[in-house]
1. Roughly how large, in nm² to one decimal, is the mean projection of the convex hull of the alpha-carbon atoms in the range A:112-264?
2. Could you tell me which of rounded, prolate or oblate describes the range A:600-689, using a ≥ b ≥ c as the square roots of the eigenvalues of the alpha-carbon gyration tensor, with rounded for a/c under 1.5 and, failing that, prolate when a/b is larger than b/c and oblate otherwise?
3. Scan around B:ILE51 for amide H atoms under 5 Å from its own, H built in the peptide plane at 1.01 Å from N, and keep only partners 5 or more places away or cross-chain.
4. Along Cα-to-Cβ, 7 Å out, sits the label point; list in nm, shortest first, how far the one on A:LYS113 is from those in the other copies.
5. What's the angle, to the nearest 10 degrees (0 to 90), between helix B:417-428's Cα axis and the longest principal axis of chain B?
6. Cα convex hull of chain A: how many Å³ per residue?
7. Just to confirm a number: summing +1 for Lys and Arg and -1 for Asp and Glu over residues other than B:ARG339 whose beta-carbon lies under 12 angstrom from that of B:ARG339, what do you get?
8. Of all alpha-carbon pairs in the protein assembly as shown, indicate the percentage at a distance above 47 angstrom.
2 protein chains.
Amino acid sequence: MSLDKLFNPKSIAIVGASSEEGKIGNVIAKNILELGYGGEVYLVNPKYAEIFGKKCYKSLGEIPTSSAGMIDLAILAIPAKFVNQEILNNSKNIKNYVVISAGFSEIGEEGKKQEEELKKITKENGLNILGPNCLGFIIPSLKLNASFAGGMPEAGNIAFVSQSGALAVAIMDAAKKEGTKFSSIVSVGNKMQISETEMLEFLGQDENTKVIGMYLEGIKEGGKFIEIAGKIAKIKPIVILKAGKNEKTQKAISSHTGALAGNDEIVSAVFEKSGIIRANNLEEFFALLNFISFSNTVPNQKVAVITNAGGAGVLVSDAFSGKKIKLADLENETKNKLREFLPAESSVENPIDLLGDARADRYKKALKIISSAPEIGSVICLLTPQEQTPVAEIAKEIIKFKDKTDKNIVTVFLGGEKVEKAITKLKQNEVCNFSFPDLAVTAIDSYSQWNEFGVVKTKTQTQLINEKRRAKVLEIIAKAKSENRQALYFGESAEVMAMYEINTVESFEIENYHGRNLGYPVVLKVDSDKVLHKTDKNGVILNIENEMNLSRAVSQIKTNFPESHLIIQPMAKKGAELIIGIKKDEIFGPVIVYGLGGIYAEFLKTVDYLVPPLSLAQMEKTLLSGKIKFLFQGARGQKKYNVEEMVKILMGISSFALEIPEIREFDINPLIVYNNSQEAVAVDVKIMI
Amino acid sequence: MSLDKLFNPKSIAIVGASSEEGKIGNVIAKNILELGYGGEVYLVNPKYAEIFGKKCYKSLGEIPTSSAGMIDLAILAIPAKFVNQEILNNSKNIKNYVVISAGFSEIGEEGKKQEEELKKITKENGLNILGPNCLGFIIPSLKLNASFAGGMPEAGNIAFVSQSGALAVAIMDAAKKEGTKFSSIVSVGNKMQISETEMLEFLGQDENTKVIGMYLEGIKEGGKFIEIAGKIAKIKPIVILKAGKNEKTQKAISSHTGALAGNDEIVSAVFEKSGIIRANNLEEFFALLNFISFSNTVPNQKVAVITNAGGAGVLVSDAFSGKKIKLADLENETKNKLREFLPAESSVENPIDLLGDARADRYKKALKIISSAPEIGSVICLLTPQEQTPVAEIAKEIIKFKDKTDKNIVTVFLGGEKVEKAITKLKQNEVCNFSFPDLAVTAIDSYSQWNEFGVVKTKTQTQLINEKRRAKVLEIIAKAKSENRQALYFGESAEVMAMYEINTVESFEIENYHGRNLGYPVVLKVDSDKVLHKTDKNGVILNIENEMNLSRAVSQIKTNFPESHLIIQPMAKKGAELIIGIKKDEIFGPVIVYGLGGIYAEFLKTVDYLVPPLSLAQMEKTLLSGKIKFLFQGARGQKKYNVEEMVKILMGISSFALEIPEIREFDINPLIVYNNSQEAVAVDVKIMI
């Protein structure tokens, strides 16, 4: 159901309103009544006849029908045990609720039961419920503070959704100081019904919102999240600060909100696939939101830096290390124009050094030249407050520039008292100032990457299920199961892989080998669901050079694994060894893991995640920006590996993962790829059923 | 010569003092005369008879001898062209100078010549000269501002040395706001004579300095720097913000100060070897200095976090990812004590969640318990300003705790106006507050690593040169040179390696091979200084299986390389392939590069740098914390490689590098190491002469 009335209500009832200082119901009532909200407000509390000189009703039901028909939103700040009944009683007339009350799933089993019940009520009656266990929400443009956090932030274009109420309070307080302006602040609490996904859907359509910022500890319903986020991220930037980077945090999250934090690398892969900008920490999150909020345009990758201090310029230049954005190479025309008015000791290379004695005119002229330089997309304007630096005047020039240009401009005014007022002025005029150079570079870099996502802004990919193929695979699985096996034989796996156009190494069961000639050397392997780590357990003999050695190997392996199936394969030619697996993620379903194989694979951590489905273009882009991209770039002394072939293989594995969710575990280890015309080959395939 | 009189002068002459507003000589004179400096001050300027009602001398020489004998320091703010003569004229009587004047090596050839001349004067007359082209210096405890930056920072224990005057100005201004206190601020300008090394030597002995912070663009005299820094870092922490992380920056640095920025990875290796804490950016630099300045003790690796917001606690916990410090595992005793007074919904796991309604007493009690918990070394105290949070009272409790404890405590008070006053109070009481969680964790982590350096605080390593061995090697080199070769033959290299106890693969010149039997397979190689990338040029035939194939291979290679020396080697058994090389660094001399070999080596970037000499203990520590440490840890399914063997090899290479600086290039590629009892073997050794 649409959330329009919840977040833009013409009338609100506050259940649990109180005149008692310090009570949550008191804070909320005052926030709604005293901060300028223009709609109707009804107070409900059986203990009072009147609060703040306003009539107080005994219950929601007691509000006269003529009015009650008009209640768009009820806010509940009453003990948890009364919540469900109160909502059920009014579910015919009132469709939108904010449940502030704590005491639901976050407190354990009993609370969980109550939350389940409330969820049922919500579903059966077509309600919208924010919370429970939340701070409420604030819509500054309506002067509506429907929360128990104090104050009214400035109205602007940032929507902030927080899974932590306390963090929202701290950010609101910091925002006041920073000049950050919001379209809405929403605390989602336990996310019983309205979670990040519903909020994305709503805020994506909200005209007042330019950028959506979220603090999340967990993500609910991964599939739906990916679908909606992917759509909304094409319309406007989404910045998420996702907690849970390490195991301790994941544990803390689950004990604190009961949320499933998820595998952090997969979360990153999902964000990248969906076009979500991930903030690495709170400082970056805040910086990014402010920057996007004030930006003139989505930045490209070319940045100019102007500075009145060489040392500060150097530090900005260092901050570009490892970033995708670059210091723009200035055109000769630009440099010549700069040289015309700058002293000889200035640098007209980027960073452009205006020197310590630069007054406002130098900044002004330099900015003017930049404004007509097509090789520059954004400007970072540095200033250190030297004795002779007219800080306020320079700020004025920057503000004037910002109003006239379609380029982005941000400032880094380093210092304390001497730059404070100018910074305030800049912010009032929507010029984003960063306290330190690195933050400025990071913010521009992250936002420009959102722009880059645009390159593959194809329609959201859906994967067609090939039912016929699926049936065939299930048949093979059924047969194995009927034989009480937990894994497919290599021959069966090869048959399955062939359906997904993945080439496997030639292979013969030992019984059928006589008379064949693979040519030596060959490999002898145990093929059994009981012997999964074959190499560790001496279930593989490599490099068998002739028939005699083969017979010897067969009898050796038969002694060690008397019951097992044996297969013979040719030694695969040397190439790059890769591994590909499918991981079942609790939140996002099947995820493809791929990377370099070999004995050091786990230490070198050259593994990336892919969340299917992906289009061919997305797959290629992901491969070419991932950890094994170097294989496809053909650097020094190495021929390129064929990226199309790898895309084809990963597309096949994606189809397989989505089509056959019955698979418990899957990996190819190794897949050998070649940089000559030879086809890639899966040497070992493990399909656990 | 001792810098005591320069930085603690009883009398100062200001040459170029001026009454004209805006002139540098005016600012300096006012700074020295008006900010409380207690020594004698003489003003010098031929243009004036009197400045600020004080007598003005025509020249330094004119100051009456009775007084002139007492001039400890002369500050020169006169045009560059007069500087050398002025100093030369007075070099008998005045030994310490600050040359503010610009126009020396930073402006090009002419300036360089003048600086060279000044350097000569300095040396010949035993002078100390700070600058030229510098801002001057400030010693707050003496109320001495001998610079043209305004104001007087608070006196404290941070010494700040800056290669950028402008940055020093900005940091001073920011410091005022942050409550940062300094023992000294020194701008080293062109570092003609007094560079980072001389400053380290001086500040290391300065009783008022607890921590030395430096902003550097280049490092002069690498060897001496390593020696002195290594000594001083054992006494007190040195934090350096070293610019030049990427090529663009390195270029900007050299055009801006003429300094050689150096290879950034080698700079990091030098810092690590010397026990210097490297700040990654300006924000971290500032945070670290503040933290160390206020810290009660050097932190160990165990940290507790207390918070009144679960979400904020989670973000701190995330900040520990990739750090060496850890969230302490709380003892049951500690947890039980916490449980006694905390509400049931609190978390007594670390981060300890005191809940949103926590008042000062909860913070107080939790801190008390922490103070007697031996498993905790440092505390990060988080606060978000909820409606019911008594921010000021909690700050008071933290201040009380800090005074009583020997543990470190830092705060992260998140928010704006609501926490501002409390933060000021905290800082006034020397509790370090960080605006964001990540900075707090980074600061504690970096400082605790300095503590860890202590583990290998053996005496500074010096490498003995084995003159006899050196002579033998030089003889081999001389022979090769006499034959007009630029590289040694493999046999010669093997002989050299043997002197450094490095095992090379058995090898025979083709002429001497008849009658030998290495056993097949063997390798045939061209051994020539003309064919350096043998594999690329088909100068190697691997895996030769029998005599017939060998003859065929020989004739094939002879056709391609008719003039070349050929050698035969057995195929080395499979093991881990490493590479080891020597790189000649412009600043630090010979540096050892080592890491994983193989075809992907350059992409996987598993290479580390070592700056010899290192002690055995340091070498082992470096290996075990470097990128190939996993080889020596023996993780899943892999036997450990022998770290002592690798230490021995690297020690050998270090000796070789230091003993034979004549070598132009050196590498072993591959060195094959084994995780069974087999000895490591260098399969190819390239010694370019």
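Since every read-out is calculated from the coordinates, none of them should be taken as a lab result. What you are looking at is a predicted structure, and each value in this text was computed from that prediction instead of being measured. Cβ coordinates were reconstructed from backbone atoms using ideal geometry, including for glycine residues, and neighbour counts include every protein chain displayed.
1. Working: hull surface 37.9 nm².
So the Cα hull casts an average projection of 9.5 nm².
2. Working: a/c = 1.69, a/b = 1.47, b/c = 1.15.
Judged from the Cα gyration tensor, the range A:600-689 comes out prolate (a/c at least 1.5, a/b above b/c).
3. Result for B:ILE51 returns B:CYS56.
4. Here the equivalent label points are 9.5 nm apart from this one.
5. Helix B:417-428 and the main axis of chain B meet at about 90 degrees.
6. 192
7. Details: positive: B:LYS335, B:LYS337, B:LYS365; negative: B:GLU333, B:GLU340, B:GLU345, B:GLU349.
Its environment carries a net charge of -1.
8. Summing the P(r) of the protein assembly as shown above 47 Å gives 48 percent of all pairs.
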